[in-house]
Amino acid sequence: MNFLSIGEIMVELAPAGEGLLRQGFAGDTFNTAWYARRLLPPGWTVSYGTVIGEDAVSDDMARFIAGEGLSTDALARHPDRTVGLYMISLKDGERSFSYWRGQSAAKTLADDPVRLADMLKGRDTIHFSGITLAILPSDARRAFCDALATARSDGAHVSFDTNLRPRLWESPDAMRDGLTLGASVADTVLPSFDEEQTVFDDTTPEDTIARYANGGATCVAVKNGGAAVTAWAASEGSAEIAPPRVAQVVDSTAAGDSFAAGFLCARAEGASAAEAAHRAADLASRVIQHRGALAPAIFTGDET
Ligand code: ADP
């Protein structure tokens, strides 16, 4: 059994005191793969798919991915480009982000249709996000989604986390069209209600579910921060699941990414959408009580 998450992972430079920066690697779809690896039984292969360069930092990134237990069988290399980078700045306790990703190798993900088809072939679950689509040149988005549609008709379960980043899209219209296109090739769609309200004028989570169901999705879980998740599957109808109450959110990074992993892994193991939302919300509530995107302590029993 094979779970593939596909998108962009970047170099992260975070303040480490006295003018020092600590180098890490991060990305929304990578976070989902990382959590999926820890949730799925060893019989599953969890792969991370992207395009990196052939330089030293790309080699470090590939080693990091493999070191976290993920398969690199869907990692492609670009001869001239390298990976994207972002830097976190701290001012008065507030974090801000600067990005260097305009020419990243990941933007070429859909440039070679044969390579892309190979990457997607034989997967049981394929997960991607609104960021995966947003970084692609606009004509490549269609090619990418066509390849996913083929993988889906060959039997893969395709999942789409809408993960809105307005600044990555060339216009609000392109973002709306891109999200609708991405969802149209997905079995499972994982939107956040505040974003759907802004982009599509939805008034209730049921509106969001109806829109994606009309587009061809068979399962939708509408997240809403600390408020109830509305989970729907064509075969079950919809249910509201209240996330565990979190007294103090330490860092909300990767709430949605870990939710996606929790949800998809539960579904892959046969859980109903309601049960999957319950498990996903449980995981996300623990993740947001840790600093950073990845919380190994949850899995090693060192949680405080
Ligand atoms: P995204 O990060 O994708 O925008 P949300 O912010 O809605 O999505 O968060 C994803 C999930 O994380 C929620 O559905 C919920 O399960 C959990 N979560 C987020 N914020 C909180 C919170 N304050 N308390 C408890 N759970 C939360």
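For the stretch 41-144, GluC sites (Glu not before Pro) are listed when DSSP marks them as loop and at most 13 other Cβ atoms sit within 10 Å of their Cβ; the list is Glu54.
Please state, as a whole number in µm²/s, the translational diffusion coefficient that the Stokes-Einstein equation yields for the stretch 12-102 at 25 °C and 0.890 mPa s, with Rh defined as the Kirkwood radius across alpha carbon pairs.
Numbers: Rh = 14.6 Å.
Answer from the Stokes-Einstein relation: 168 µm²/s.
Sorted by average packing, counted as other Cβ atoms within 10 angstrom per residue and highest first, what order do 128-138, 77-87, 202-212 take? Intermediate results must be reported in sequence, preceding the final value.
Numbers: 128-138: 22.4, 77-87: 16.6, 202-212: 18.7.
Averaged packing, sorted descending, gives the order 128-138, 202-212, 77-87.
In debye, nearest 20, what is the charge dipole magnitude of the stretch 2-300 about its Cα centre with +1 on Lys and Arg Cβ and -1 on Asp and Glu Cβ, if you could check?
480 debye
Would you work out if the stretch 133-177 is rounded, prolate or oblate? Take a ≥ b ≥ c from the square roots of the eigenvalues of the alpha-carbon gyration tensor; rounded if a/c is under 1.5, else prolate when a/b is larger than b/c, oblate otherwise. If you can, show how the numbers build up before the last one.
On the way: a/c = 3.12, a/b = 1.89, b/c = 1.65.
Verdict is prolate for the stretch 133-177.
Solvent-accessible surface of the stretch 2-300, averaged per residue with a 1.4 angstrom probe and all protein chains in place: 43 square angstrom. On the basis of the beta-carbon distance and an R0 of 22 Å, Ser89 and Asp177 show a calculated FRET efficiency of 0.10.
Below 8 Å between Cα atoms, with a sequence gap of 6+, how large is the relative contact order for the stretch 158-304 in percent?
About 17 percent, as a whole number.
Counting only protein heavy atoms and a probe of 1.4 Å, the accessible surface of the stretch 2-300 is 49% carbon and sulfur. Report note on the peptides 159-166, 193-200, 170-177: ranked by the mean count of other C-beta atoms within 10 Å, highest first, their order is 159-166, 193-200, 170-177. Taking label positions 7 Å along the Cα-Cβ direction at both Thr204 and Glu269, the computed distance is 3.3 nm, reported to one decimal. Once the chain from Ala234 to Ser153 is taken as fully extended at 0.36 nm per residue, the excess over their C-alpha distance is 27.4 nm.
Can you tell me, using C-alpha contacts under 8 Å and at least 6 residues apart, the relative contact order of the stretch 2-300 as a whole percent?
On the way: 609 pairs, mean separation 43.1, N = 299.
In percent, rounded to a whole number, it is 14.
Taking a ≥ b ≥ c as the square roots of the Cα gyration tensor eigenvalues, the chain comes out rounded, since a/c falls below 1.5. Computed from the C-beta positions of Asp60 and Ser252, the FRET efficiency with R₀ = 25 Å rounds to 0.35. Under 10 Å, Cα contacts only: if you run a Gaussian network model on the chain, which one of Gln248, Gln23, Gln103 comes out with the highest mean-square fluctuation? It is Gln248. Between Asp118 and Arg165, the simple label model (points 7 Å from Cα in the Cβ direction) yields a spacing of 2.7 nm. Overall form of the stretch 110-225: oblate. Here a/c, set by the Cα gyration tensor axes a ≥ b ≥ c, is 1.5 or more, and a/b is not larger than b/c.
The values are calculated or read from the model by the stated rules, or taken from the named source; none is laboratory data. The model shown is predicted, which means the values in this text are computed figures rather than measured ones. Reconstructed Cβ throughout: ideal geometry from the backbone, glycine too, with neighbour counts over all protein chains shown. SASA here: full protein model, heavy atoms, side chains in, ligands and nucleic acids out. Shrake-Rupley method; radii C 1.70, N 1.55, O 1.52, S 1.80 Å.
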